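Participant: Structure incoming, see below.
The values are calculated or read from the model by the stated rules, or taken from the named source; none is laboratory data. Worth saying up front: this structure is predicted, and the values here are computed from it rather than measured. In this analysis, Cβ positions are derived from the backbone assuming ideal geometry, glycine residues included, and neighbour counts consider all displayed protein chains.
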Amino acid sequence: MNIMNRYITTASLLVLSLAAGTTFAKVTPEEAEKLGTTLTPLGAQIEANAAGTIPKWVGGLHSENSTKSKDSGRPENPFTEDKALFEITSANFGDYKENLSPGQIAMFEKYADYKMPVYKTRRTAAYSSDLYDVVKKNATTAELVRNGNGLANFDTAIPFPIAKNGSEVIWNHITRYRGGSAKRFLTTIPVQSNGSFVPVKMNDQLVWPEFLKSGRNAKYDDNILFYYLQQITAPARLTGTALMVHETIDQVKEARKAWVYNAGQRRVRRAPNVAYDGPGAGTDGLRAADNYDMYNGAPDRYEWKLVGKKELYIPYNSYKLLDTTAKYDDLVQKGHLNADYLRYELHRVWQVEATLREGARHIYAKRTFFIDEDTWGASVIDQYDGRGELWKLSEAHNIQFYDVNTPWMVAETLHDLNSGRYLVTGLSNQEPTFMIWGKKVKRTDFSTSALRRLGR
């Protein structure tokens with residue numbers, strides 16, 4: 001039995017109380033039949049765009065139609081022969097504004113040497129057939145509760161493949177499938193305005209309850225989306241710092257549970273600030289807690305508006321960022337990453353505007369999300385300050401991990417458009433190992449005592 005089959009077999013239906021808050025209607029069985037026929041199994045448009053610049057989805061790149069990699073955690077680039085079709089630069093970006101976000105436009109306006117190499121669009125996103133079955137079932141059962149702040153009758157991933165509103169789209173991003181069980185060895189680099197940086201090395205582990213050795217247990221995992229551990233291993237001043245999160249599905253009903261091990265104090269303490277706009281560890285103040293993985297956490301402080309779909313140049317099939325012959329000094333430049341290692345493609349995205357609710361607090365008064373239709377992952381986010389001024393740009397540099405049928409990031413960037421500083425998270429070029437998939441762990445590995453042992 002393959003890893004995905006084990007996942008689905010042991011998955012239990014997550015049912016949160018329908019009595020608490022407003023519920024939203026699910027789609028009919030007839031509408032769900034569009035999945036896999038006129039829509040992809042995850043709800044994207046199958047057909048090409050009118051101009052032919054976005055091709056038809058024909059199944060994506062997956063384990064059955066690709067050559068197995070020597071290392072599933074660092075798959076080989078299947079598109080080494082591709083050449084850039086053209087480059088968008090500070091001199092010509094005005095010709096492409098229709099397909100750029102305001103944050104992307106601001107990068108061209110700020111940096112004269114900034115460029116965006118655009119390649120042929122390849123719709124590589126693919127998951128297992130077992131996951132497709134679960135997503136189709138979700139379409140007819142999953143519901144929003146608590147005014148959109150929680151889920152009911154939801155199983156595994158992607159509750160709303162045929163999304164009707166902004167809340168459903170953002171929940172698809174929050175719950176998107178990321179391999180079930182993954183351990184990563186990463187480098188986070190806060191880059192100063194003059195281009196100087198000190199890498200922060202870490203490893204983290206993300207596990208859905210279904211992938212625990214004991215599987216999901218209703219007693220312990222009723223409101224748990226996943227368990228998460230993070231350990232910083234360099235530089236010396238941060239070594240030993242460790243974070244543990246029990247990510248809850250409904251964070252209004254039950255707030256995210258987070259603990260941190262402080263190496264200096266040698267003790268574990270609760271960390272309620274690991275949420276919303278609390279500071280991100282090892283990021284030199286550049287990232288808020290809910291900036292990680294592009295966006296994570298409770299959606300309750302925002303009003304979510306679905307603007308619609310548009311075509312946008314987004315990072316895609318960014319296999320060059322896995323190049324182990326490249327050093328961090330080669331990738332990281334003043335103001336932005338080295339474009340020689342980047343790849344942008346034209347894709348359809350969902351545009352969602354998040355506006356801070358009256359009376360709520362967050363450093364971002366507004367966020368505009370551009371979410372890839374094929375993966376439901378946020379690809380580009382523009383973030384605005386309390387004055388309504390554009391402040392930060394986030395981009396996700398994704399690949400298809402075709403050996404395990406999982407699209408995910410190999411790096412994400414967060415640019416402060418005011419200060420000229422930026423953060424890149426997820427680089428692994430100088431790490432012996434990047435990703436380990438499918439490792440079975442125990443629930444007790446995510447206890448406070450385990451966190452204490454990890455930090456020592």
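Participant: Looking only at segment 199-231, filter to residues that are part of a helix (DSSP H, G or I) and in contact with a strand residue (DSSP E or B) (Cβ under 6 Å, 6 or more places away or on another chain); which one of those is modelled with the highest pLDDT? Explain how you work it out, then say what you get.
Facilitator: Going residue by residue through segment 199-231, those that are part of a helix (DSSP H, G or I) are 209-211, 218-221.
Applying the additional criterion that residues be in contact with a strand residue (DSSP E or B) (Cβ under 6 Å, 6 or more places away or on another chain) yields 209, 211.
Numbers: P209: 93, F211: 89.
Result: P209.
Participant: Right, here's the next one. Just the residues that are out of contact with any strand residue (DSSP E or B) (no Cβ under 8 Å at 6 or more places or on another chain) and surrounded by 21 or more Cβ atoms within 10 Å (Cβ to Cβ), please, taken from segment 407-428. Can you show your working first?
Facilitator: Going residue by residue through segment 407-428, those that are out of contact with any strand residue (DSSP E or B) (no Cβ under 8 Å at 6 or more places or on another chain) are 419-420.
Across segment 407-428, there are no qualifying residues.
Participant: Name every residue in segment 386-406 that is surrounded by 24 or more Cβ atoms within 10 Å (Cβ to Cβ), part of a loop (DSSP other than H, G, I, E, B) and out of contact with any Leu (no Cβ under 6 Å at 6 or more places or on another chain), in order of residue number.
Facilitator: If the condition is that a residue be surrounded by 24 or more Cβ atoms within 10 Å (Cβ to Cβ), part of a loop (DSSP other than H, G, I, E, B) and out of contact with any Leu (no Cβ under 6 Å at 6 or more places or on another chain), then V404, N405 are the ones that fit.
Participant: Continuing with the same structure: Report, ordered by the first and then the second residue, all pairs with beta carbons closer than 6 Å, sequence separation of six or more or different chains, a first member in segment 55-79 that is part of a loop (DSSP other than H, G, I, E, B), and a second member that is modelled with pLDDT under 95.
Facilitator: Note: pairs meeting the criteria are P75/S69; E76/S69.
Participant: Something else now. Here is a list: A288, A234. Which entry is in contact with a strand residue (DSSP E or B) (Cβ under 9 Å, 6 or more places away or on another chain), farther than 21 Å from S181 by Cα and modelled with pLDDT of 95 or more? Before the answer, list the steps.
Facilitator: Numbers: A234 fails: modelled with pLDDT of 95 or more.
Unique residue meeting the criteria: A288.
Participant: Quickly run through segment 429-456 and pick out the residues that are over 25 Å from F401 (Cα atoms) and buried (at least 17 other Cβ atoms within 10 Å of the Cβ).
Facilitator: R443, D445, F446, A450, L451, L454, G455, listed by residue number.
Participant: Read through the list (1) in contact (Cβ under 8 Å) with a residue 40 or more places away in the chain; (2) crowded, with 16+ Cβ neighbours inside 10 Å; (3) of a type outside the set (K, R); (4) part of a strand (DSSP E or B), then give the number of the only condition that A258 fails.
Facilitator: (1)
Participant: Out of (1) surrounded by 20 or more Cβ atoms within 10 Å (Cβ to Cβ); (2) more than 20 Å from the chain's Cα centre (by Cα); (3) polar (S, T, N, Q), the odd one out for N338 is which?
Facilitator: Just one mismatch for N338, condition (1).
Participant: If I filter segment 64-71 for residues that are over 23 Å from M409 (Cα atoms) and not small (G, A, S), do I get at least one hit?
Facilitator: Taking segment 64-71 as the starting set, the residues that turn out to be over 23 Å from M409 (Cα atoms) are none.
Checked against the condition, which is being over 23 Å from M409 (Cα atoms) and not small (G, A, S), segment 64-71 yields no hits at all.
Participant: A further question on this structure: Within segment 134-156, is even one residue farther than 22 Å from A32 by Cβ and touching a strand residue (DSSP E or B) at 6+ places or on another chain (Cβ under 6 Å)?
Facilitator: No; the residues of segment 134-156 include none that is farther than 22 Å from A32 by Cβ and touching a strand residue (DSSP E or B) at 6+ places or on another chain (Cβ under 6 Å).
Participant: Tell me, yes or no, whether segment 155-163 has at least one residue that is in contact with a Lys or Arg (Cβ under 6 Å, 6 or more places away or on another chain), more than 18 Å from T375 (Cβ to Cβ) and not hydrophobic (A, V, I, L, M, F, W, C).
Facilitator: Within segment 155-163, none of the residues are in contact with a Lys or Arg (Cβ under 6 Å, 6 or more places away or on another chain), more than 18 Å from T375 (Cβ to Cβ) and not hydrophobic (A, V, I, L, M, F, W, C).
Participant: If you don't mind, there's one more thing I want to ask. Give the residues of segment 243-256 that are over 21 Å from the mean Cα position of the chain (by Cα) and closer than 20 Å to S447 by Cα, sorted by residue number.
Facilitator: Step one: list which residues in segment 243-256 are over 21 Å from the mean Cα position of the chain (by Cα), which gives 252-254.
Of everything in segment 243-256, just one residue is over 21 Å from the mean Cα position of the chain (by Cα) and closer than 20 Å to S447 by Cα, namely E254.
Participant: Any residue in segment 268-282 that is in a loop (DSSP other than H, G, I, E, B) and farther than 30 Å from S449 by Cα? If you could, list the steps in order and put the result at the bottom.
Facilitator: We begin by selecting, within segment 268-282, every residue in a loop (DSSP other than H, G, I, E, B); these are 271-278, 280-282.
Narrowing the set further to residues that are farther than 30 Å from S449 by Cα leaves none.
Within segment 268-282, none of the residues are in a loop (DSSP other than H, G, I, E, B) and farther than 30 Å from S449 by Cα.
Participant: Quick one: in segment 299-335, of everything that is of a type in the set (A, V, I, L, M, F, W, C) and within 30 Å of S167 (Cβ to Cβ), which residue is farthest from the chain's Cα centre (by Cα)? Even if it seems obvious, please write down each step before you answer.
Facilitator: The initial filter retains those residues of segment 299-335 that are of a type in the set (A, V, I, L, M, F, W, C), namely 304, 306-307, 312, 314, 321-322, 326, 331-332.
Next, from what is left, pick out any that are within 30 Å of S167 (Cβ to Cβ): 304, 306-307, 312, 314.
Numbers: W304: 18, L306: 19, V307: 20, L312: 17, I314: 14 Å.
Among those that are of a type in the set (A, V, I, L, M, F, W, C) and within 30 Å of S167 (Cβ to Cβ), it is V307.
Participant: Looking at segment 320-328, can you tell me whether even one residue there is of a type in the set (A, V, I, L, M), buried (at least 20 other Cβ atoms within 10 Å of the Cβ) and under 19 Å from T425 (Cβ atoms)?
Facilitator: Among the residues of segment 320-328, at least one is of a type in the set (A, V, I, L, M), buried (at least 20 other Cβ atoms within 10 Å of the Cβ) and under 19 Å from T425 (Cβ atoms), which makes the answer yes.
Participant: Looking for something in a strand (DSSP E or B), in contact with a Pro (Cβ under 9 Å, 6 or more places away or on another chain) and under 14 Å from M202 (Cα atoms) - is there at least one such residue anywhere in segment 414-423? Steps first, answer last, please.
Facilitator: Initially, segment 414-423 is screened for residues in a strand (DSSP E or B), giving 414-416, 422-423.
The next check asks that each one be in contact with a Pro (Cβ under 9 Å, 6 or more places away or on another chain); those that pass are 422-423.
In the following step, the residues that additionally are under 14 Å from M202 (Cα atoms) were identified as none.
No, the conditions are met nowhere in segment 414-423.
Participant: Out of segment 367-419, which residues are basic (K, R) and more than 18 Å from P279 (Cα to Cα)?
Facilitator: R387
Participant: Mind listing whichever residues of segment 404-421 are under 18 Å from D290 (Cβ atoms) and among the hydroxyl-bearing types (S, T, Y)?
Facilitator: Kept after step one, since they are under 18 Å from D290 (Cβ atoms), are these residues of segment 404-421: 409, 412-416.
Listed by number, the list holds a single entry, T413.
Participant: Kindly indicate whether any position in segment 293-313 is crowded, with 19+ Cβ neighbours inside 10 Å, over 15 Å from T425 (Cα atoms) and of a type in the set (V, I, T).
Facilitator: No - not one qualifying residue is present in segment 293-313.
Participant: Okay, moving on. Quick check on my filter: what residues within segment 106-132 are more than 19 Å from I399 (Cα to Cα), under 22 Å from the mean Cα position of the chain (by Cα) and surrounded by fewer than 22 Cβ atoms within 10 Å (Cβ to Cβ)?
Facilitator: Applying the first criterion (more than 19 Å from I399 (Cα to Cα)) to segment 106-132 yields 106-115, 129-130, 132.
Now restrict to residues that are under 22 Å from the mean Cα position of the chain (by Cα): 107, 129-130, 132.
Listed by number, the residues that qualify are S129, D130, Y132.
Participant: Follow-up. For L225, all conditions in the list (1) buried (at least 22 other Cβ atoms within 10 Å of the Cβ); (2) of a type in the set (A, V, I, L, M); (3) more than 19 Å from the chain's Cα centre (by Cα) hold save one; what is the number of the exception?
Facilitator: Going through the list (1) buried (at least 22 other Cβ atoms within 10 Å of the Cβ); (2) of a type in the set (A, V, I, L, M); (3) more than 19 Å from the chain's Cα centre (by Cα), L225 breaks only (3).
Participant: Every residue in segment 232-248 that is more than 17 Å from P190 (Cβ to Cβ), assigned to a strand (DSSP E or B) and not hydrophobic (A, V, I, L, M, F, W, C), please.
Facilitator: H246, E247, T248
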